[in-house]
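The values are calculated or read from the model by the stated rules, or taken from the named source; none is laboratory data. Everything numeric here is computed off the predicted structure, so don't read it as measured data. Backbone-built Cβ (ideal geometry, glycine too); neighbour counts: all protein chains shown.
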Amino acid sequence: MAALNAQLRELGTFLRGRRGRLEPVEAGINRSGPRRTPGLRREEVADAAGVSLGYYVRLEQGRGGPPSAGVVDALARALCLDNDEQAHLHALADPSRNRRPTAVAAEHLQQARDVLDLVAPPSAAYVIDRVGDVLAWNAAATALFVGHFPEDAGTTGHVPDDVRPNNVRYLFVNPAARRLFPHWEEIVDDSVAHLRATVGYRPDDPALRALVADLSAESADFTQRWERRNVRPCHSGRKVFEHPRVGRLDLDYRVLDIPATCHHRLVVYSAAKGSADFCALGRLSESWSA
């Protein structure tokens, strides 16, 4: 019951936030007189979604119970949500969604190491869990992400749970990350939005709560982004690195789900074979492994 209540409160907060951001003209509503606050009024959202005002108010207060899939779709249309935001709202409205065990079992660590063996060098790769804790990584990843990974632990997996590297923490807390990524603002925006999309529909998740509490205490930059409640899963893209040893690298990345785990994902950074970035990544990996 506590988990359901936390999820419904988060649903209400998400609805309020999206309502406050949406200008009437964006929703096809003509302005009628001055407005004291930005965004749509509750009655405008309720009317557009075809639900009663009282029911919508209860939803925003986290007291309406889980809305049906049809109501979620209607609210998504009324609030002009994009596909990722609509999927997030559905997840918040479904208390049974992805309630898989959250503990990292020994077989999961072995699976993470086995998956890394499938990645062709010199690609940098690592396996992360639902909140960005890194379970295993290869030598190229150690070389690429300056100051992030313990040098000798990635292939063995012998890293205590409480000291596992965390990708979100690295971006916000480690000064090396700001130097490594010239487009740091964009990358941290994506990182927080991805965390929201991946596990933000489970506000009761103990690992998520601990991470958010720690980073909120350490980084105002994180707090501002977390409170925006942007949701955007990252599946692929390109990142620019300014590496202290090999200079600028433009690398493509892919994020692949690993079946039969609790949202564990393989992340691979690579470049076109024979390109300057591919050769530089190879030199970096070889120098580190030597």
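Worth pointing out:
- Residue among Val51, Val71, Val25 that is assigned to a helix (DSSP H, G or I), of a type in the set (Val, Ile, Thr), over 24 Å from Asp205 (Cβ atoms) and over 26 Å from the mean Cα position of the chain (by Cα): Val25
- Whether a residue is modelled with pLDDT of 85 or more and either in a helix (DSSP H, G or I) or not assigned by TED's automatic domain parsing to the domain that holds Leu81 (or both) was assessed, and Arg16 passes this test.
- Output for the stretch 132-151, where each listed residue is assigned to a loop (DSSP other than H, G, I, E, B), under 25 Å from Val240 (Cβ atoms) and not polar (S, T, N, Q): Gly132, Phe145, Val146, Gly147, His148, Phe149, Glu151
- Check on Asn30, of a type in the set (S, T, N, Q) and more than 26 Å from the chain's Cα centre (by Cα): yes
- Of all residues in the stretch 251-290 being among the small types (Gly, Ala, Ser) and in a helix (DSSP H, G or I), the one that is modelled with the lowest pLDDT: Ser289
- If only residues of the stretch 140-187 that are over 26 Å from Ala213 (Cα atoms) and touching an Asp or Glu at 6+ places or on another chain (Cβ under 7 Å) are counted, the one that is modelled with the highest pLDDT is Pro182.
- Of the listed requirements (1) at pLDDT below 95; (2) outside any loop (DSSP other than H, G, I, E, B), Ala46 misses just one: (1).
- Residue pairs whose Cβ atoms lie under 6 Å apart, sitting 6 or more positions apart in sequence or on different chains, and linking a residue in the stretch 107-131 that is buried (at least 22 other Cβ atoms within 10 Å of the Cβ) and at pLDDT 90 or above to a partner that is of a type in the set (Ser, Thr, Tyr) and part of a strand (DSSP E or B), are Ser123/Ser270; Ala124/Tyr269.
Residues checked against (1) in the same structural domain as Ala140 (by TED's automatic domain parsing); (2) among the aromatic types (Phe, Trp, Tyr); (3) within 24 Å of Pro121 (Cα to Cα); (4) surrounded by 15 or more Cβ atoms within 10 Å (Cβ to Cβ):
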{"position": "Phe172", "(1), (2), (3), (4)": "yes, yes, no, yes"}
{"position": "Pro175", "(1), (2), (3), (4)": "yes, no, no, no"}
{"position": "Glu186", "(1), (2), (3), (4)": "yes, no, no, no"}
{"position": "Ser191", "(1), (2), (3), (4)": "yes, no, no, yes"}
{"position": "Asp204", "(1), (2), (3), (4)": "yes, no, no, no"}
{"position": "Trp226", "(1), (2), (3), (4)": "yes, yes, no, yes"}
{"position": "Cys234", "(1), (2), (3), (4)": "yes, no, yes, yes"}
{"position": "Arg248", "(1), (2), (3), (4)": "yes, no, yes, no"}
{"position": "Asp252", "(1), (2), (3), (4)": "yes, no, yes, yes"}
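- Selection status of Arg196, in contact with a His (Cβ under 8 Å, 6 or more places away or on another chain) and of a type in the set (D, E, K, R): yes
- Among (1) touching an Asp or Glu at 6+ places or on another chain (Cβ under 9 Å); (2) modelled with pLDDT of 90 or more, the one test that Ile29 misses: (2)
- Condition met for Val246 (within 17 Å of Phe172 (Cα to Cα) and either within 24 Å of the chain's Cα centre (by Cα) or not hydroxyl-bearing (Ser, Thr, Tyr) (or both)): no
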